[in-house]
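Chemist: There's a structure below that I have some questions on.
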Amino acid sequence: MQRLMVIGPCGAGKSTVSRTLGEMLSVPVYHLDRLHWKAGWVEGSQEELREELSPIIAQDHWLIDGNYGSTMELRLTRADTVIYLDYPIRLCFWRALKRVWQFRGKTRPDMTEGCPERFDLDFFLYIAMWNWNAKPRTERLLRRQEDKVHRIKNPDMLKQWLDNLEIST
């Protein structure tokens, strides 16, 4: 595992898993949120994100955390491993709420400085609609890459997978 993607619904814990895996595997971790957002919650364009990603994806070792469907195929082409946190939406929703409370008014470690955590109704609607919108698009892209995908269905399964990975490294 040298070029990894961690994907899944918002609030699943992608950034936390990415930091853990990055340390375990000694690969640099890149957070798409940090690459995409500018201070003050100014959204970058898809073209800017692709420009930021191109030199990263060209490297031999990386872990990229985030969904961003407009760049998923680009990343999938080079990735050798995809960790898909396919968690229940109710869990993701709860975790996202906890994150808003934990980091309220502060910038999360995986976000661009100057983007303090806040409650955003559109963000929570995105999570609530994941199974009907983003998930089907993600699943279509992954169908062609099944041999790379580790589908993790819950936190216990993730812990077991990480424990087994630790033993084998």
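The values are calculated or read from the model by the stated rules, or taken from the named source; none is laboratory data. Note that the coordinates shown come from a computational prediction; the quantities given were computed from them, not determined experimentally. Positions of Cβ are backbone-derived with ideal geometry, glycine not excepted, and every protein chain shown enters the neighbour counts. For the accessible areas, the whole protein counts, side chains as well, though only heavy atoms, and no ligand, DNA or RNA atoms are used. Shrake-Rupley method; radii C 1.70, N 1.55, O 1.52, S 1.80 Å.
Chemist: Tell me the chymotrypsin sites (Phe, Trp or Tyr not before Pro) within the stretch 21-109 that lie in a loop according to DSSP and have at most 14 other beta-carbon atoms within 10 Å.
Modeler: Filter output for the stretch 21-109: W41.
Chemist: Same structure again: Along Cα→Cβ, 7 Å out, is where each label goes; now give me the distance between the ones at K159 and W41 in nm to one decimal.
Modeler: Those two pseudo-labels are separated by 3.4 nm.
Chemist: Using only C-alpha positions, report the orientation-averaged shadow area of the convex hull of the stretch 1-143, nm², one decimal.
Modeler: 8.1
Chemist: Which semi-axis lengths, in whole Å and largest first, follow from the square roots of five times the eigenvalues of the Cα gyration tensor of the stretch 92-169?
Modeler: With the √(5λ) rule applied to the stretch 92-169, the semi-axes are 27, 20, 12 Å.
Chemist: Let me ask another. Could you work out the relative contact order of the chain? I mean the mean sequence separation of Cα pairs under 8 Å and 6+ apart, divided by the number of residues, in percent.
Modeler: The value is 32 percent.
Chemist: Please work out the FRET efficiency for the pair R151 and E23, using the Cβ-Cβ distance as r and a Förster radius of 22 Å; give the result to the nearest 0.05.
Modeler: Efficiency at R0 = 22 Å is approximately 0.45.
Chemist: Hey, if we sort S18, S26, S54 by accessible area with the 1.4 Å probe, largest down, what's the order?
Modeler: From most accessible down to least: S26, S54, S18.
Chemist: Between L141 and T16, what is the spin-label point distance in nm, taking each point 7 Å from the Cα along the Cα→C-beta axis?
Modeler: Once both label points are built, they end up 2.4 nm from each other.
Chemist: Can I ask one more? To the nearest 20 Debye, how big is the dipole of the chain about its Cα centre, given +1 on the beta carbon of each Lys and Arg and -1 on that of each Asp and Glu?
Modeler: 520
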